[in-house]
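Scroll down for the structure; my scribbles are underneath it.
The values are calculated or read from the model by the stated rules, or taken from the named source; none is laboratory data. Nothing here was measured: the structure is a model prediction, and the numbers come from that model. Don't worry about glycine lacking a Cβ; one is built from the backbone with ideal geometry, like all the others, and counts go over all protein chains shown. Just the protein is used for accessible areas: all its heavy atoms, side chains included, with ligands, DNA and RNA removed. Shrake-Rupley method; radii C 1.70, N 1.55, O 1.52, S 1.80 Å.
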Amino acid sequence: MPATLRLSVRRVFAAVAACAIPTVFAADVPPTVTPAPVTAIKAGKLIDVATGRVRNDQVIIVQGGKISAVGAAATTVVPPGATVIDLSSKTVLPGLIDTHTHVTGDPTLPPYYGYGISVPREALMGARFGRETLLSGVTTIRNVGAGGYSDVALRDAINAGDVIGPRILASGPALGITGGHCDSNMLAPEYNERGEGVANGVDAVRAMVRKNVKYGADVIKYCGTGGVFSKGTRVGAQQYTPEEVAAIVDEAHMHGRKVAVHAHGANGIKVALKAGVDTIEHASLIDQEGLDLAKKTGAFLSMDIFNTEYTQSEGPKRGEMEEFLRKDREVAQAQRDNFQKAVQMGIKLTMGTDTGVHPHKDAPKQLAYMVQYGMTPMQAIQAATKVGAEALGIEAEVGQVAPGYSADIVAVTRDPLTDIHALDAVEFVMKQGTVYKQ
């Protein structure tokens, strides 16, 4: 056979063979799956917030940022190769949840200083305060008011791993009426200054809710009464008509967002509760009818009963307006007394601290005040974990140390059920399976 013919035959056979063999693409090859690292935490005492009991000598298995198993040390098998964290001398509990924060706010700044802070600068300040918040043992926050959606940006940066901080549910700018709390009232008329979230009338408030949803808000916050830190407003005075409030709540719920209302005064609280609001913030001057409504509707109260000492001692040093200091003095004890009434009635209460009005790292110190004003230590811890998660609508994800939940775990040496002040200085912090403090 001539050489040229032999070469042609070989080429034909090669072509046929190539067609007979299926082509294998990368997508057809099963990927190599690397199991997520496993961590086993030995807990001397574990506070079970679901049952209100303490379980001794427990092992918590964490994999892929979630808790896969919890059980007695004597019977729970630690997987081979697991990283073991020995907290057998400590009390372990879920990461704390703060339902009322201003994570981009600096409580040390003079009143007018904020006008020189840009939105990018505010977000970067939030990165610092978010880190402080997380290291204090607060692993989840709901931020209720920030300029330029800076809290939304911070949330996204934390989720992307750019900076460290707590899990954030962000509101963006809070809605408010012209001249009310959540407007900007500190400058003379010729500056024509107004708050970002100012909206008047049913159509306008619906539009503002939609705008906040558009730019990433997880929760809608509006101001239903005057406030302490707003020039010219009366703390108890109602803001927004019942029709406007109903529109805010309806629009937010239609978009799957819960609604938090800043409300010190009794009338603003009752208007909000009748409209179906989810949480009442501050609730300082709530009356008996309002307490009964909160009990009936199942709404949560988020009452910042800790911060007045800081405001009164540090406010004058930073040049705080006497109007603000006076209003704080007027409502502080009434709020604490009403907190106690709410506890006695079995109304659902969260830990909402209003950080940004006081230092972010001090948020857990509110728990001691919650105990002082009527809660048991277990109730206070439940308010700051399981109940807080329910108020935010994330109770299937956080708020318990149990299988299927995010591995958000804190620990202290002293028993907080004996001395709630143990949580003033949390010693171990894990969020989503990553240890940030040990």
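Which of (1) under 22 Å from the mean Cα position of the chain (by Cα); (2) open to solvent by 10 Å² or more (accessible area, probe 1.4 Å); (3) aliphatic (A, V, I, L, M) is the odd one out, the single condition Ala275 does not satisfy?
All conditions pass for Ala275, except number (1).
Within the range 311-321, is there a residue that is over 17 Å from Tyr240 (Cα atoms), among the hydroxyl-bearing types (Ser, Thr, Tyr) and under 24 Å from the mean Cα position of the chain (by Cα)?
Scanning the range 311-321, I find at least one residue that is over 17 Å from Tyr240 (Cα atoms), among the hydroxyl-bearing types (Ser, Thr, Tyr) and under 24 Å from the mean Cα position of the chain (by Cα), so the answer is yes.
Yes or no: the range 225-232 includes at least one residue that is at pLDDT 95 or above, open to solvent by 60 Å² or more (accessible area, probe 1.4 Å) and out of contact with any Gly (no Cβ under 7 Å at 6 or more places or on another chain).
no
Need a quick list: strands (runs of 3 or more DSSP E) entirely within the range 251-342 having at least 1 residues that are in contact with a Lys or Arg (Cβ under 8 Å, 6 or more places away or on another chain) and over 27 Å from Asp218 (Cα atoms).
none
For the structure I just gave you, tell me whether Arg131 is open to solvent by less than 40 Å² (accessible area, probe 1.4 Å) and within 15 Å of the chain's Cα centre (by Cα).
No; evaluated as a whole, the condition is false for this residue.
Give, as residue ranges, the strands (runs of 3 or more DSSP E) completely inside the range 398-438 that count at least 3 residues that are surrounded by fewer than 17 Cβ atoms within 10 Å (Cβ to Cβ).
The strands (runs of 3 or more DSSP E) meeting that bar are 434-437.
Which one is surrounded by the fewest Cβ atoms within 10 Å (Cβ to Cβ), of the residues in the range 289-309 that are closer than 19 Å to Glu390 by Cβ and in contact with a Leu (Cβ under 8 Å, 6 or more places away or on another chain)?
Going through the qualifying residues, I end up with Thr297.
Considering only the range 227-237, I want to know if a residue exists there that is farther than 24 Å from Asn307 by Cα, in a loop (DSSP other than H, G, I, E, B), of a type outside the set (A, V, I, L, M) and in contact (Cβ under 8 Å) with a residue 12 or more places away in the chain.
no
If I ask for residues that are touching an Asp or Glu at 6+ places or on another chain (Cβ under 6 Å) and either within 20 Å of Tyr115 (Cβ to Cβ) or modelled with pLDDT under 95 (or both), which ones from the range 148-182 would you list?
Within the range 148-182, Ser150, Pro173, Gly176 qualify.
When you go through Leu285, Leu325, Leu367 one by one, which is the residue that is within 23 Å of Ile248 (Cα to Cα) and hydrophobic (A, V, I, L, M, F, W, C)?
Being within 23 Å of Ile248 (Cα to Cα) and hydrophobic (A, V, I, L, M, F, W, C) holds for just one of Leu285, Leu325, Leu367, which is Leu285.
Do we find a residue being touching a helix residue (DSSP H, G or I) at 6+ places or on another chain (Cβ under 7 Å) and free of Cβ contacts under 8 Å to residues at least 40 places away in the same chain anywhere in the range 142-156?
Taking every residue of the range 142-156 in turn, at least one turns out to be touching a helix residue (DSSP H, G or I) at 6+ places or on another chain (Cβ under 7 Å) and free of Cβ contacts under 8 Å to residues at least 40 places away in the same chain.
Check Tyr240 against each of (1) over 12 Å from Leu175 (Cα atoms); (2) in a loop (DSSP other than H, G, I, E, B); (3) modelled with pLDDT of 95 or more and name the one condition it does not meet.
Here Tyr240 meets the rest and fails (1).
Please determine whether any residue of the range 136-148 is over 15 Å from the mean Cα position of the chain (by Cα) and crowded, with 18+ Cβ neighbours inside 10 Å.
Scanning the range 136-148 turns up at least one residue that is over 15 Å from the mean Cα position of the chain (by Cα) and crowded, with 18+ Cβ neighbours inside 10 Å.
Quick check on this structure: which one of Arg155, Arg121 is touching a strand residue (DSSP E or B) at 6+ places or on another chain (Cβ under 8 Å) and either open to solvent by 40 Å² or more (accessible area, probe 1.4 Å) or within 29 Å of Phe428 (Cβ to Cβ) (or both)?
That would be Arg155, the only listed residue that is touching a strand residue (DSSP E or B) at 6+ places or on another chain (Cβ under 8 Å) and either open to solvent by 40 Å² or more (accessible area, probe 1.4 Å) or within 29 Å of Phe428 (Cβ to Cβ) (or both).
I'm checking my understanding of the structure. Among residues of the range 325-366 that are under 19 Å from Gly315 (Cα atoms) and in contact with a strand residue (DSSP E or B) (Cβ under 6 Å, 6 or more places away or on another chain), which one is surrounded by the fewest Cβ atoms within 10 Å (Cβ to Cβ)?
Result: Asp354.
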